[in-house]
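Asks: Dropping the structure in here first, questions after.
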Amino acid sequence: MGISGDRIFNVVTAVVAATAAVILAITAYSLASGSVPILQKEGLSFFTGIKWNPNPEHEVFEALPYLEGTLVTSAIALIIGVPLSLGIAIFLAEMSPTAVRVPISYLVELLAAVPSVIYGLWGLFVFRFYVRDYVEVPLNKYLGWIPTFSGTPYGLDVLTAGLILAIMIIPTVSSISREVLRAVPNPIREGAYSIGATRWEVVSKWVLSYGRSGIFGAAILGLGRAVGETMAVTMVIGNTVGPAAVPTSLLKGSQTMASLIAANVRDASDPLSFSAYIGVGLMLMFLGLAINIIAQVMVTRLFKVRGGAVE
Amino acid sequence: MSSYAIRRFKDRLFFFLGIACIVLAVLPLGSILLEVIVKGLPTLSLKFLMSVPGPGGKNIGGIGPAIQGSLILIGLTCLIGIPLGVLSGIYLAEYGDAPYARVMRTLNDVLTEFPSIVVGLTVFLVVVLKVSGSLGLGFSPLSGAIALSFILIPIVARTAEEAIKLVPNALREASMALGVRKWRTTISIVLSVAKAGLVTGILLAVARVAGETAPLLLTVLGNTHFFEGFNEPIAALPLQIYQDALAPDPGIQARAWGAALVLILVVLSLNIVVRLATRGRMGSSVRK
């Protein structure tokens, strides 16, 4: 009796542990089957074209601009967010006085606790005007002749969305990078100090190169977060569709895959346009899956080096 | 000697650059909190918390249905998600070395970082729509709770796993030496020792879920009335914020800030309480 009780317990928990796998499988299946109509109609041009017209008379749905919008805003997030996060991680792991270490890391991690919709609200009514007045207007005035900075500074555009994403990935990237730096064995630091290196030299020449792959993994995880982020981006990116959504300038409204779905799917009236949103969801799912699996593999492999201290 | 001065200068420089990075990261947090308090506080009153939303202008009404809806959604989400999450966590901690468990753990981590709008879309297709092959629950509290539990489960599973792994093996061995079976040991000894860690993980997951908006867009739809039954759309705090923020009426926008203040107070206090409560313990046992 008892042995079978153990057996049952093992099997039951094993089955329940597959919940996440089942959810992912259901997601993949339902999105794939929901995308069939749009893929049949548009074929390959669903991925390569830029036209978008939900009017039933001249229906056309092509999703390339939203993929581009996602990639461009996420790239801005990484370009701004990763160096900042790395700076925070280095400071907290290697340079800061011990007394402030814990309070500061709590503060930075609180950034992750703020709900996405509140980032959006703040972005829409507050941050947008800072970006417009102090970043976009000067950029446009002095560098407006470059297409990347052309357009009318308005604050609801690619740049604002990218900057909000940069803020939102900081807690993820900085806390994982900090763990990575802490995982660097102390003898490496001691050796470097003993030959007379300064703190910064120890970090830049030894510690960073030792933790390189883990920091890369942290950045990829940040990328995954930026790609999937929905509400905050939806509220500040301007929500343009079709050719207008191609992110040719930072000072131009655009659309990410997630924001396209969030802003419009409730208005989808006919089956084909609904299928188009599902198709975009499918693209987003594949992108998110690929990024996350790469990041998980990199970060887990790294923590395995620690000899089972974390995992 | 002068090269040493340059090296020292560089060292100082990067020290201050580090401080600058932290300031740059904490500034938005400060600005968000400040704006939410300054813009949200004037609308806040007992009436605001308990009445239905008004049409706008002078009569903005309140966020009663949204608060009630969020509480119902979170309650249902916990009912669905906590048992599944904790059982997954038990498996990953107690039987976690098998290849099967490793795959499940990775998939669980992947789901943790999954785009939440995709979760909403899936639940819409599989649970909400009334077509063959789906549950056909319509826009309803249960549909919303299923979507939210897809987000809650992987977080609870992960934190439960960590909490259970922290239970010293000696306790398991002592229990088994008394002839207690493994499943009995796990449920009565291991879980009760890991209780604080489990609760911590659940509270953090609830804080996360309470602010989720994207999965609700397609599953509960929002409502201006109080709970109308399990087959009807329901309001939710994050959804109310999103819809009110996009309204052209300044009064309704003010309602969004009021709702944001309530939401952020709940979410941040959950986070801060959890962190203060677990300060010593987690720091010493997990990280070293």
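The values are calculated or read from the model by the stated rules, or taken from the named source; none is laboratory data. These numbers were taken from a predicted model, which means no experiment stands behind them. Quick reminder, even Gly has a Cβ in these numbers, built from the backbone with ideal geometry, and neighbours come from all protein chains shown.
Asks: Looking only at the range B:123-151, count how many residues are at pLDDT 95 or above and facing another protein chain (nearest Cβ under 8 Å).
Replies: 1
Asks: What residue, among those in the range A:101-122 that are more than 7 Å from chain B (Cβ to nearest Cβ) and aliphatic (A, V, I, L, M), is surrounded by the most Cβ atoms within 10 Å (Cβ to Cβ)?
Replies: Selected residue: A:A112.
Asks: Looking at A:L163, is it within 12 Å of chain B (Cβ to nearest Cβ), within 21 Å of A:V236 (Cα to Cα) and either free of Cβ contacts under 8 Å to residues at least 60 places away in the same chain or not charged (D, E, K, R) (or both)?
Replies: Judged against the criteria, A:L163 is a match.
Asks: Among (1) within 19 Å of the chain's Cα centre (by Cα); (2) more than 9 Å from every other protein chain (Cβ to nearest Cβ), where does A:W52 come up short?
Replies: Exception for A:W52: condition (1).
Asks: If you don't mind, there's one more thing I want to ask. State whether one or more residues within the range B:83-90 are at pLDDT 90 or above, part of a helix (DSSP H, G or I), away from chain A (no Cβ under 14 Å) and surrounded by fewer than 16 Cβ atoms within 10 Å (Cβ to Cβ).
Replies: Scanning the range B:83-90 turns up no residue that is at pLDDT 90 or above, part of a helix (DSSP H, G or I), away from chain A (no Cβ under 14 Å) and surrounded by fewer than 16 Cβ atoms within 10 Å (Cβ to Cβ).
Asks: Only one of B:A254, B:A157 is over 17 Å from the mean Cα position of the chain (by Cα) and part of a helix (DSSP H, G or I); which?
Replies: The match here is B:A254.
Asks: Right, next: Of the residues A:G222, A:G281, which is at the interface with chain B (Cβ under 8 Å from one of its Cβ atoms), assigned to a helix (DSSP H, G or I) and either over 14 Å from A:S74 (Cα atoms) or in contact (Cβ under 8 Å) with a residue 60 or more places away in the chain (or both)?
Replies: A:G281
Asks: Quickly run through the range B:233-251 and pick out the residues that are of a type in the set (A, V, I, L, M, F, W, C), surrounded by fewer than 21 Cβ atoms within 10 Å (Cβ to Cβ) and either more than 9 Å from every other protein chain (Cβ to nearest Cβ) or on the phi > 0 side of the Ramachandran plot (or both).
Replies: If the condition is that a residue be of a type in the set (A, V, I, L, M, F, W, C), surrounded by fewer than 21 Cβ atoms within 10 Å (Cβ to Cβ) and either more than 9 Å from every other protein chain (Cβ to nearest Cβ) or on the phi > 0 side of the Ramachandran plot (or both), then B:A247 is the only one that fits.
Asks: For the range A:253-271, give me the residue count where each residue is surrounded by fewer than 24 Cβ atoms within 10 Å (Cβ to Cβ) and at pLDDT 90 or above.
Replies: Qualifying residue count for the region: 3.
Asks: Can you say whether A:R132 is closer than 30 Å to B:V206 by Cα, crowded, with 20+ Cβ neighbours inside 10 Å and among the charged types (D, E, K, R), as far as the supplied structure shows?
Replies: In short, no.
Asks: Any chance you could count how many residues in the range A:156-190 are farther than 27 Å from A:V202 by Cβ and in a loop (DSSP other than H, G, I, E, B)?
Replies: 2
Asks: When you look at B:L41, is it away from chain A (no Cβ under 11 Å), more than 18 Å from B:A210 (Cα to Cα) and in a helix (DSSP H, G or I), yes or no?
Replies: Yes; evaluated as a whole, the condition is true for this residue.
Asks: Do you know which residues across the range A:90-143 are in a helix (DSSP H, G or I), small (G, A, S) and more than 16 Å from B:I264 (Cα to Cα)?
Replies: Scanning the range A:90-143 gives A:A93, A:A99, A:S105.
Asks: When you check B:V206 against the structure, is it at the interface with another protein chain (Cβ under 8 Å from one of its Cβ atoms), among the β-branched types (V, I, T), out of contact with any Phe, Trp or Tyr (no Cβ under 6 Å at 6 or more places or on another chain) and assigned to a helix (DSSP H, G or I), yes or no?
Replies: It is false that B:V206 is at the interface with another protein chain (Cβ under 8 Å from one of its Cβ atoms), among the β-branched types (V, I, T), out of contact with any Phe, Trp or Tyr (no Cβ under 6 Å at 6 or more places or on another chain) and assigned to a helix (DSSP H, G or I).
Asks: Can you give me the number of residues within the range A:13-32 that are within 7 Å of chain B (Cβ to nearest Cβ) and part of a helix (DSSP H, G or I)?
Replies: So the answer is 12.
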